[in-house]
């Protein structure tokens with residue numbers, strides 16, 4: 001996936017939300033599998049990522065398929081954090 005639609009990121013609300021949720025997702029990945037905080041951060045970032053990706057023109061089914069892969073979702077969070085910072 002290419003995150004080339006930077007114009008969408010200029011919205012300050014989206015900027016803050018993506019930065020915060022990607023940081024939470026990456027922080028709580030270190031928690032044990034099944035931890036409530038880990039699950040909540042994974043679910044929240046998954047939902048936000050799917051919404052963001054669909055708003056850039058990708059069909060929802062493809063966005064969900066992309067985000068269902070834990071490695072791809074982690075890579076997306078790392079890229080968002082590197083571009084947007086930690087919120």
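The values are calculated or read from the model by the stated rules, or taken from the named source; none is laboratory data. The structure displayed is predicted, hence computed values, not measured ones. Neighbour counts run over all protein chains shown; Cβ positions are idealised from the backbone, glycine included.
Which condition from (1) loosely packed, with under 12 Cβ neighbours inside 10 Å; (2) modelled with pLDDT under 90 is the one that residue 5 breaks? Among (1) loosely packed, with under 12 Cβ neighbours inside 10 Å; (2) modelled with pLDDT under 90, the lone unmet condition for residue 5 is (1).
Every residue, every condition in (1) in contact with a helix residue (DSSP H, G or I) (Cβ under 6 Å, 6 or more places away or on another chain); (2) part of a helix (DSSP H, G or I); (3) surrounded by 13 or more Cβ atoms within 10 Å (Cβ to Cβ), yes or no:
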site	(1), (2), (3)
13	no, yes, no
26	yes, yes, yes
37	yes, yes, no
42	no, yes, yes
45	yes, yes, yes
61	no, yes, no
74	no, yes, yes
81	yes, yes, yes
